[in-house]
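Below: one structure, written as structure tokens.
Just so it is clear, none of the values below were taken in a lab; they were calculated from the coordinates. Just so you know, these numbers come straight off a predicted model, no measurement behind them. So basically every Cβ, Gly included, is an ideal-geometry build from the backbone, and we count neighbours across all protein chains shown.
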Amino acid sequence: MKKLIVFLLMGCLGNLAWAGDQKKDVTERLQMATEVLTQMTSEPDKGIPEEVLDGAKCIAVVPHLVKGGFIFGGKHGRGLTSCRTEHGWSAPAFISIGGGSAGLQIGMEGVDLIMLIMNDKGMQQLLSSKFQLSGEGSAAAGPVGRHASAGTDWKMDTEILTYSRSKGVFAGLTLEGAVIEQDSDSTKSVYGRDVSFQSVLQGKVATPNVARAFMKAVAEAARKAKSQEARKGDQ
């Protein structure tokens, strides 16, 4: 009986330690995502054009996505996303992204990634909780810089525009074949239960305190983009 009690206590302590580590990991990821979003949207001359950001239906941030590897290349990372609702931006839903491609790719590299979901089709894909980026129009590298927003290609049928930054330099990143799905572990850690993508991204779940700084960064980036676009319209 004593052995059973000790065993159960050890299991409970192990679960608590795991939960503590998970919460710390998610908190750090939220902080990194906040920094990435703020930095990559604060210089429209070098980064994401205001017109593109102002038209986005959802914003996803994956800080320090790892890409590359030995013999078989691949990508893996965890991040979070928020969508526009009737009452502002939704609480963040946690995502993981992964996918591989055959070929000789020696070395690994971390990049910061922002994905902008641009239309209803892309948003429905995201709300499905798991989907693969494949086929023409699914995802493409977004235009960079203030003048790039004058182009019309991104306004067509592209569901997701991607922006990546490695060592301070913006560059395109191919995501075809990558799978994006709900990160259940992070979701449980922050929300206390495995709430669905739909309920979070449709604004039916309140923003937890640990994510308030990230949501403030999302709202501020969107506000600046909208203000800049309005200013252009008055000129």
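Need the full-extension length gain, V210 to E43, defined as separation in residues times 0.36 nm minus the C-alpha distance. One decimal, nm.
Numbers: separation 167, 0.36 × 167 = 60.12 nm, distance 2.62 nm.
Taking V210 through E43 to full extension adds about 57.5 nm, to one decimal.
Please give the peptides 82-88, 113-119, 186-192 ranked by average Cβ packing (other Cβ atoms within 10 Å per residue), highest first, as a rough proxy for protection.
Ranking, from highest mean packing down: 113-119, 186-192, 82-88.
Please give me the summed charge of the neighbours of R78: other residues whose Cβ is under 10 Å from its Cβ, Lys and Arg +1, Asp and Glu -1.
In short, -2.
Give the peptides 217-224, 29-36 in descending order of average Cβ contacts within 10 Å, highest first.
29-36, 217-224
Taking 0.36 nm per intervening residue step and subtracting the Cα-Cα distance, what contour gain separates T85 from S128 on full extension? Before the final figure, lay out each step's value.
Numbers: separation 43, 0.36 × 43 = 15.48 nm, distance 1.69 nm.
That pair, T85 and S128, stretches by 13.8 nm at full extension.
List, in order, the whole-Hz ³J(HN,Hα) value for each residue of segment 183-193 obtained from phi through the Karplus relation with A = 6.51, B = -1.76, C = 1.60 and θ = phi - 60°; use x for Gly and Pro.
These are the phi-based 3J(HN,Hα) values: 8, 5, 4, 5, 4, 5, 5, 8, 9, x, 7 Hz.
Quick one: which residues, 5+ away or cross-chain, put their amide H under 5 Å from the amide H of V195? H built at 1.01 Å from N.
Sorted by chain and number, the residues that satisfy this come to none at all.
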